[in-house]
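Below: one structure, written as structure tokens.
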Amino acid sequence: MAQRKPFIAGNWKMFKTREETRVFFQALPQLGDEVDVAVAPPFTALETAVEAARGTRVGVYAQNVHWEDDGAFTGEISAPMLNEIGVDGVIIGHSERRQYFGETDETVNKRLRAALRHNLKPIVCVGEVLEQRRGGDTLKVIEQQLEGAFEGLGPSEAINVVIAYEPVWAIGTGETATPEQAQEVHAYIREWLGKRFGPDAPKQMRIQYGGSVKPENARTLLEQEDIDGALVGGASLDAEKRAQIIRFGSDKKFS
Ligand code: PEP
């Protein structure tokens, strides 16, 4: 059974022009084979990133994808369009999409199916808001989001999905879940994957942590048994911080 490889992805949100994307790739450090790395620029910079990433080990991900291949869906981008420019994968169900753009578990499921249908590697985000954590509902919320996202999918499809656990209260706030809080949820997700998809899924599927990850906290988070990598927002925009987080990812040892 292949061992899971640490995976560090950067979500650039609505930051970086095409020119800034080019400059960013020029500062990219040499990457070893022991860690997978990806960046998710805005749609307008995707093609630039694909070109700049050629010959490197950096994957290029979109931040969203529509579930139809084409149609009257103003403002949306489809999986075949992403395929055409050589994009590798897509982030689905980010909390900012859920919070500001009406994303639901049902639309996450539809987008996920479209990504899988078109061989885009999906990162599916789940996470509780502060009131849900305070109310002791975190694990229930995570389970509901997972059930919704994976509705109708079987193990052979699920195995291609990366899950990002991102507590909403920790995104862009400077607040980070403690390593123990994060590990508890990651272990729960891994257990759920085993129940839902059988014993191979939890061994093979990667679960990233996201929420104010930065060089100062990345090491201890990545040391946790069930944290296989990170989805990094703010700190991924800075080449030096990003390089440090990737180094901690490379050091990750699975027991
Ligand atoms: C994110 O955008 O997925 C994220 C985790 O952002 P930040 O690292 O800035 O909290």
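Rule-based calculations on the coordinates, nothing more; no lab input. Owing to the predicted nature of the structure, the values given are computational and were not obtained by experimental measurement. Neighbour counts are summed over all protein chains in view; Cβ atoms, including those assigned to glycine, are modelled from backbone coordinates with ideal geometry.
Does GLU131 satisfy the condition of being surrounded by fewer than 19 Cβ atoms within 10 Å (Cβ to Cβ), more than 14 Å from ARG98 (Cα to Cα) and free of Cβ contacts under 8 Å to residues at least 24 places away in the same chain?
yes
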Taking the stretch 55-114 as the search range and keeping residues that are polar (S, T, N, Q) and more than 16 Å from the ligand (Cβ to nearest atom), which one is farthest from the chain's Cα centre (by Cα)?
-> THR74
Total residues in the stretch 87-107, condition part of a loop (DSSP other than H, G, I, E, B) and either closer than 17 Å to PRO122 by Cβ or among the aromatic types (Phe, Trp, Tyr) (or both) | 7
When the stretch 1-23 is examined, which residues are found to be within 16 Å of the ligand (Cβ to nearest atom) and surrounded by 13 or more Cβ atoms within 10 Å (Cβ to Cβ)?
-> PHE7, ILE8, ALA9, GLY10, ASN11, TRP12, LYS13, PHE15, LYS16
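For every residue, the table says whether it meets (1) without any contact (Cβ under 8 Å) to a residue 60 or more places away in the chain; (2) under 26 Å from ASP228 (Cβ atoms); (3) in contact with a strand residue (DSSP E or B) (Cβ under 9 Å, 6 or more places away or on another chain).
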| residue | (1), (2), (3) |
| --- | --- |
| GLU20 | yes, no, no |
| ALA45 | yes, no, no |
| ASP69 | yes, no, yes |
| GLY86 | yes, yes, yes |
Within the stretch 62-75, can one find any residue that is surrounded by 15 or more Cβ atoms within 10 Å (Cβ to Cβ) and acidic (Asp, Glu)?
-> no
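For (1) surrounded by fewer than 22 Cβ atoms within 10 Å (Cβ to Cβ); (2) farther than 18 Å from GLY229 by Cα, each residue gets a yes or a no:
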residue: THR138; (1), (2): yes, yes
residue: GLU143; (1), (2): yes, yes
residue: GLU151; (1), (2): yes, yes
residue: ASN160; (1), (2): yes, no
residue: ILE163; (1), (2): no, no
residue: ALA170; (1), (2): no, no
residue: ALA177; (1), (2): no, no
residue: TYR188; (1), (2): yes, no
For the stretch 170-247, which helices (runs of 4 or more DSSP H) that fit wholly inside it have 1 or more residues that are within 16 Å of the ligand (Cβ to nearest atom) and of a type in the set (Lys, Arg)?
-> 215-222
Residues of the stretch 152-169 being in a loop (DSSP other than H, G, I, E, B) and either small (Gly, Ala, Ser) or under 17 Å from the mean Cα position of the chain (by Cα) (or both), which ones?
-> GLY152, GLY154, ILE159, ASN160, VAL161, GLU166, PRO167
Unique residue being within 15 Å of the chain's Cα centre (by Cα), closer than 19 Å to VAL90 by Cα and surrounded by fewer than 21 Cβ atoms within 10 Å (Cβ to Cβ) when the list is GLY229, GLY234, GLY211 | GLY234
Restricting the first residue to the stretch 134-149 and requiring it to be within 17 Å of GLU103 (Cα to Cα) and without any contact (Cβ under 8 Å) to a residue 60 or more places away in the chain, which pairs with a second residue that is part of a loop (DSSP other than H, G, I, E, B) and polar (S, T, N, Q) meet a Cβ separation below 9 Å and a spacing of at least six or different chains?
-> GLY148/THR104
Residues of the stretch 115-125 being within 16 Å of the ligand (Cβ to nearest atom) and free of Cβ contacts under 8 Å to residues at least 60 places away in the same chain, in sequence order, are PRO122, VAL124
Filtering the stretch 105-140 down to residues that are more than 30 Å from GLY86 (Cβ to Cβ) and either hydroxyl-bearing (Ser, Thr, Tyr) or in contact with a strand residue (DSSP E or B) (Cβ under 8 Å, 6 or more places away or on another chain) (or both) yields THR138
